[in-house]
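Asks: Can you read through this structure? Questions will come right after.
The values are calculated or read from the model by the stated rules, or taken from the named source; none is laboratory data. Everything numeric here is computed off the predicted structure, so don't read it as measured data. Note: ideal-geometry Cβ built from the backbone for every residue, glycine included; neighbour counts use all protein chains shown.
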Amino acid sequence: MSVIASPSGRPLARLAAATVGLCMGLAVCAIFLLFAVVAVNILMRAVFDATGGAINLLMSGAYELSRYALLIAVFAALPASIHNGLIKVDVLTAWLPPLAQRLLARFWFALLLVFALTLVWLFATQIGETWRAGETSQDLGIPLWLFYLVVTLECVCFALISLVEALRAEPAPPEVA
């Protein structure tokens, strides 16, 4: 029996489930922020155009804020997408014996783990560099190291879920269309 076989009784599985839940909550909040910024900006542009420019309520930094919200949402959604099962094209792997399928799935998740750890390392180095340089976002003046910190933590979650999936006893069942 695997150390992480069931989400209810295994510590690593419970940590993975909590991590996925936290990341999904963050992704949903970031998407709502993105939608709100875009909707308000569209409304303010309509007011600006309707008044011939007399009323200017345009949000400065809306493009920048929407960009960072999307960045956070994408990286926060990675752990959940891996945990809930990736889309597979199993034309060739379906013909393999079950043991070979499990080994191939574990190899794939091990590669994802290496990729995630590489991202952690790359983003973590940027935290220090942008903090020391005092770099801020162009329009809003938000310190850039904050965004690198959030994305680094999301990549740590990505690595954790990749590890859990690589160690899992059975690969996730294929999607039925």
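Asks: Give the range 87-114 a look and list any residue that's closer than 27 Å to residue 28 by Cβ and touching a residue at least 60 places away in the same chain (Cβ under 8 Å), or say none.
Replies: 87, 88
Asks: Look at the range 124-148 and say how many of its residues are under 15 Å from residue 64 (Cα atoms) and among the small types (Gly, Ala, Ser).
Replies: Residues meeting the conditions: 2.
Asks: Picking from 110, 100, 116, which residue would you name as being part of a helix (DSSP H, G or I), in contact with a Cys (Cβ under 8 Å, 6 or more places away or on another chain) and of a type in the set (A, V, I, L, M, F, W, C)?
Replies: Residue meeting the stated conditions: 116.
Asks: Report every pair of residues separated by at least 6 positions or lying on different chains whose Cβ atoms are under 7 Å apart, first residue within the range 150-173 and of a type in the set (Lys, Arg), second at pLDDT 95 or above and in a helix (DSSP H, G or I).
Replies: Final answer for the pair search is none.
Asks: Next question, about the same structure. Which residue pairs have Cβ atoms closer than 7 Å, lie 6 or more positions apart in sequence or on different chains, and pair a first residue in the range 121-142 that is surrounded by fewer than 15 Cβ atoms within 10 Å (Cβ to Cβ) with a second residue that is not in a helix (DSSP H, G or I)?
Replies: 136/142; 136/143; 139/60; 139/61; 140/61
Asks: Mind listing whichever residues of the range 49-66 are assigned to a helix (DSSP H, G or I), under 10 Å from residue 37 (Cβ atoms) and without any contact (Cβ under 8 Å) to a residue 40 or more places away in the chain?
Replies: 62, 66
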